[in-house]
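Dropping the structure in here first, questions after.
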Amino acid sequence: MINESDCKKRRVTIRDVARDSGVSYATVSRVLSGYAFVKETTRNRVMEAVERLGYVANLPARSLAGGRSQIIGLLVPNLDNGYVGTITQGIDQALAHANYDLMLYTSHRHPGKESYYVSAMPNGLTEGMLLIAPLVPAAYLDSLREQNFPYVLIDQADATENSNVVEATNWQGAYEATRYLIELGHRRIAFVKGSFAIRSAADRLRGYKAALADYDIPIRQELVLEGDYQQQPAYHLTKRLLQSVKDPPTAIFASNDISAFGAMDAARESGLHIPDDISIIGFDDIPQASLVYPKLTTIRQPLEQMGSVAVKMLLAQIEDRSLPPQRVVLATQLIIRDSCAPCSIREGEARKNR
């Protein structure tokens, strides 16, 4: 047995834990890595020794000794909504299955902070990096590629097409959302843009415009609002629109659910009932979309699947860094709930406004 007072004088190692628990170094390593195929009695004996001796994993040493840290860096814009949380849930589950740990970085949509983290990660403990909807300055992507450091962009694209990317059918989803409103009889359909630093915003705007064009509905620029995927700007833009436009919209398509929530707040404060007076549709289908009142009709992105697919792509790249970049596009789906209804404008008036 290891003398506990001796252990306090120096760093406890895995070999100390192995001697104290009466198992091999490899068995302790498997237990601490979360390896599934270890007897429960053995696992308990090892963990009792870990607690008794006060063993703490030395991650830098683990990385230097074996060349593998089993840690993935995740860069997110913020932690205040279900969009990031749902993608991260898929990432976390896939990493746990592969016995990898997660190191989280938050940029708060600050370009300088994002660039700093991306530049620092290849020199730290992480073996690879996942980036959720990053702003993507070309310079730091070039640097990652020069260092042959594995990374995957989630819900974002690289104009050079030299990055691993997981995204959804943003154009098609926006087209389906707009077409759904048109088929409900709406002709005056406002659109709340997303942040154009993220390609999905441009794709969704193009899908909206394409649907209007296919139904011979002119695009009214005053109905296209300069949003940024955030709730408060969408609220203020929608409220200003409803108070200032001579012929207000009968429907609003927001580029994401968060913006749709802001539009819903503005509509209610303007004395409108949803969906009787105005229909509102979002994009993403974050968990809150089915909890608001009325429940939000939206375009579902497979957010959790996007996270798990990104992990698989990243781990494959870590194992073989010669793999060419891949772009995986997952399907979106219209989810009909309670926030949209047939347009109440008479058909004659609808024709007049087309």
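The values are calculated or read from the model by the stated rules, or taken from the named source; none is laboratory data. Please read these numbers as outputs of a predicted model, since none were measured by experiment. All Cβ positions, even for glycine, are placed from backbone atoms using ideal geometry, and neighbour counts span all protein chains on display. Please note that ligands, DNA and RNA were not included when accessible areas were found on the heavy atoms of the full protein model with its side chains. Shrake-Rupley method; radii C 1.70, N 1.55, O 1.52, S 1.80 Å.
Six or more apart or on different chains, Cβ under 7 Å: which pairs go from a residue in the range 101-119 that's closer than 20 Å to I91 by Cα to one that's acidic (D, E) and open to solvent by 60 Å² or more (accessible area, probe 1.4 Å)? Could you list them?
L102/D92
State whether the residues of the range 127-137 include one that is more than 21 Å from D284 (Cα to Cα), open to solvent by less than 40 Å² (accessible area, probe 1.4 Å) and in contact with a strand residue (DSSP E or B) (Cβ under 6 Å, 6 or more places away or on another chain).
Scanning the range 127-137, I find at least one residue that is more than 21 Å from D284 (Cα to Cα), open to solvent by less than 40 Å² (accessible area, probe 1.4 Å) and in contact with a strand residue (DSSP E or B) (Cβ under 6 Å, 6 or more places away or on another chain), so the answer is yes.
Still on this structure, please answer the following. Inside the range 68-95, can you point out the residues that are modelled with pLDDT of 90 or more and farther than 13 Å from I132 by Cβ?
Listed by number, the residues that qualify are Q93, A94, L95.
In the range 211-234, what residues are in contact (Cβ under 8 Å) with a residue 60 or more places away in the chain and at positive phi?
Hit for the range 211-234 is D216, nothing else.
Shifting gears a bit: So how many residues does the range 141-162 have that are of a type in the set (G, A, S) and more than 19 Å from A201 (Cα to Cα)?
Qualifying residue count for the region: 1.
Suppose we filter the range 235-291 for residues that are assigned to a loop (DSSP other than H, G, I, E, B), surrounded by fewer than 24 Cβ atoms within 10 Å (Cβ to Cβ) and without any contact (Cβ under 8 Å) to a residue 40 or more places away in the chain; how many remain?
7
Mind checking which residues of the range 138-150 are in contact (Cβ under 8 Å) with a residue 24 or more places away in the chain, outside any loop (DSSP other than H, G, I, E, B), hydrophobic (A, V, I, L, M, F, W, C) and open to solvent by 10 Å² or more (accessible area, probe 1.4 Å)?
Answer for the range 138-150, where residues must be in contact (Cβ under 8 Å) with a residue 24 or more places away in the chain, outside any loop (DSSP other than H, G, I, E, B), hydrophobic (A, V, I, L, M, F, W, C) and open to solvent by 10 Å² or more (accessible area, probe 1.4 Å): just A139.
Further, regarding this structure: Identify all residues within the range 91-106 that are under 19 Å from E127 (Cβ atoms) and not in a loop (DSSP other than H, G, I, E, B); write none if there are none.
Once the filter is applied, which keeps residues that are under 19 Å from E127 (Cβ atoms) and not in a loop (DSSP other than H, G, I, E, B), the range 91-106 yields I91, D92, Q93, A94, L95, A96, H97, D101, L102, M103, L104, Y105.
Within 18 Å of A316 (Cβ to Cβ) and at pLDDT 95 or above - does that describe any residue in the range 99-116?
No, the range 99-116 has no match at all.
Select from the range 30-44 the residues that are open to solvent by 60 Å² or more (accessible area, probe 1.4 Å), under 38 Å from the mean Cα position of the chain (by Cα) and either at pLDDT 75 or above or hydroxyl-bearing (S, T, Y) (or both) and list them in ascending order.
Y35, K39, E40, N44
Quick check: is even one residue across the range 214-237 small (G, A, S), out of contact with any His (no Cβ under 9 Å at 6 or more places or on another chain) and farther than 17 Å from G282 by Cβ?
Looking for residues that are small (G, A, S), out of contact with any His (no Cβ under 9 Å at 6 or more places or on another chain) and farther than 17 Å from G282 by Cβ, one finds none in the range 214-237, hence no.
Is it the case that R199 is open to solvent by 40 Å² or more (accessible area, probe 1.4 Å), in contact with a helix residue (DSSP H, G or I) (Cβ under 7 Å, 6 or more places away or on another chain), modelled with pLDDT of 90 or more and of a type outside the set (D, E)?
For R199, the condition - open to solvent by 40 Å² or more (accessible area, probe 1.4 Å), in contact with a helix residue (DSSP H, G or I) (Cβ under 7 Å, 6 or more places away or on another chain), modelled with pLDDT of 90 or more and of a type outside the set (D, E) - is not met.
Taking into account only those residues within the range 151-190 that are part of a loop (DSSP other than H, G, I, E, B), touching a helix residue (DSSP H, G or I) at 6+ places or on another chain (Cβ under 9 Å) and among the charged types (D, E, K, R), which is modelled with the lowest pLDDT?
Taking the candidates together, the pick is D158.
Could I ask something else about it? Looking at this structure, is I299 in a strand (DSSP E or B), modelled with pLDDT of 95 or more and out of contact with any Lys or Arg (no Cβ under 8 Å at 6 or more places or on another chain)?
yes
Here's the yes/no breakdown for (1) farther than 26 Å from G124 by Cα; (2) modelled with pLDDT of 60 or more:
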position	(1), (2)
V12	no, yes
S24	yes, yes
V28	no, yes
V46	yes, yes
Y55	no, yes
L59	no, no
R62	no, no
G66	no, no
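State all residues of the range 191-230 that are in a loop (DSSP other than H, G, I, E, B) and touching an Asp or Glu at 6+ places or on another chain (Cβ under 8 Å); if no residue qualifies, say none.
K193, G194, S195, I198
Right, next: Within the range 182-199, take every residue that is hydrophobic (A, V, I, L, M, F, W, C) and under 26 Å from the mean Cα position of the chain (by Cα) and give me the one that is farthest from V309 (Cα to Cα).
A190
Evaluate the range 108-125: report whether one residue or more is within 29 Å of S259 (Cα to Cα), open to solvent by less than 50 Å² (accessible area, probe 1.4 Å) and part of a loop (DSSP other than H, G, I, E, B).
no
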